[in-house]
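Structure record follows, encoded as structure tokens.
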Amino acid sequence: MNTEILKYLNILLPTHKCVVMPNLGAFIINLEEATINKDRITPPYYTLAFNPELKYNDGIIASHFSKDCNITYNAALEKIKDAVILIKADLKAGKSILCGNIGTLSLNDEGKILFSANKSYLYPDFLGLKQTNIKKIDSIKISHKKDRQRNSIRYITTGLAAASIALLLFVTPSTSIKDNKIQNADFISTVTSSLSIANSKKDAQVQESEIKNISTRSYYIVIGGESAENRASILLKKIQESDFPNAAIINSNDRFRIYVASFDDKQEAENYLKSFRSNNSKYTSAWLYSKKN
């Protein structure tokens, strides 16, 4: 049972990004956005981490465990507490503890818990993504220019052919010259309309290829969270009364996170987080949470 409880991380960590095992530590997935460097797009990636200082009960493991085993929330907390005691005993005995499929825990020579991430772990949302090479805008424009030149030659040839046919129809004896003129005009009109439609489609394709979808995100400095809204509200009130009056709650994936600041720029958020941790010893476990707007 002591290590079985850690298998719940396989399900909970991809959803909540940070899951605390009470009295043991927090398991965290840090997500990084995709980047574009010169001629290459690097897909979003992640890193797995463990914070032994973050030991409070965030309710995630207990809530899932109680539902899965059909027991009360308090009973689940007691079983988790007993499991953590056994896990710590195994660590002191020199054993490595398997944490689901995300990695292993062990003790170093100083008696501190070390986390070794599983290099084969796959974050579900990033499955199948890989680096992609891209063309420079200049080369795309040159390619389009060549296409237009080829199309122009083709259009001129078509126009000459249409003119030749019209001339042939004009000089050919006929008992109904008027009807032939009308047919000739209709034919040329049809060719002109087709060329116009083709040009419109080509221009639309060029414009579409130049449009870039920009995904914006917001970044939050999170200092706590709960799986139930009422417990999150209670925790928020305590934080507002004792430390940060402007703290607020953001709801995402059935998780109510408490944050003290938010930013549109990632670098600015990371700089603030570093300063915040150094200036608030009580909240050194604060972390950066990003959410798509």
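The values are calculated or read from the model by the stated rules, or taken from the named source; none is laboratory data. Everything numeric here is computed off the predicted structure, so don't read it as measured data. Cβ coordinates were reconstructed from backbone atoms using ideal geometry, including for glycine residues, and neighbour counts include every protein chain displayed.
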* Any chance segment 86-100 includes a residue that's assigned to a helix (DSSP H, G or I) and crowded, with 18+ Cβ neighbours inside 10 Å? -> yes
* Cβ-Cβ under 6 Å pairs, at least 6 apart or on other chains, segment 23-34 side over 13 Å from residue 99 (Cβ atoms) and in contact (Cβ under 8 Å) with a residue 12 or more places away in the chain, far side of a type in the set (Phe, Trp, Tyr) and crowded, with 16+ Cβ neighbours inside 10 Å -> 31/46
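Determine, yes or no, whether residue 71 is among the β-branched types (Val, Ile, Thr) and closer than 18 Å to residue 13 by Cβ.
No.
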* Just name the residue that is farthest from residue 132 (Cα to Cα) out of those in segment 18-56 that are within 13 Å of the chain's Cα centre (by Cα) and of a type in the set (A, V, I, L, M, F, W, C). => 29
* So which strands (runs of 3 or more DSSP E) are wholly in segment 1-53 and hold at least 1 residues that are touching a helix residue (DSSP H, G or I) at 6+ places or on another chain (Cβ under 9 Å) and modelled with pLDDT of 90 or more? -> 18-21, 25-32
* If you check every pair at least six apart or on different chains, which have Cβ atoms under 6 Å apart with a residue in segment 244-258 that is assigned by TED's automatic domain parsing to the domain that holds residue 226 and part of a loop (DSSP other than H, G, I, E, B) first and a residue that is at pLDDT 90 or above and surrounded by fewer than 16 Cβ atoms within 10 Å (Cβ to Cβ) second? -> 247/240
* Asked: Is there a residue being among the polar types (S, T, N, Q), surrounded by 15 or more Cβ atoms within 10 Å (Cβ to Cβ) and closer than 23 Å to residue 231 by Cβ anywhere in segment 27-47?
  -> no
* Structure fact -> Of the conditions (1) modelled with pLDDT under 85; (2) over 18 Å from residue 285 (Cβ atoms), the single one that residue 255 does not satisfy is (2)
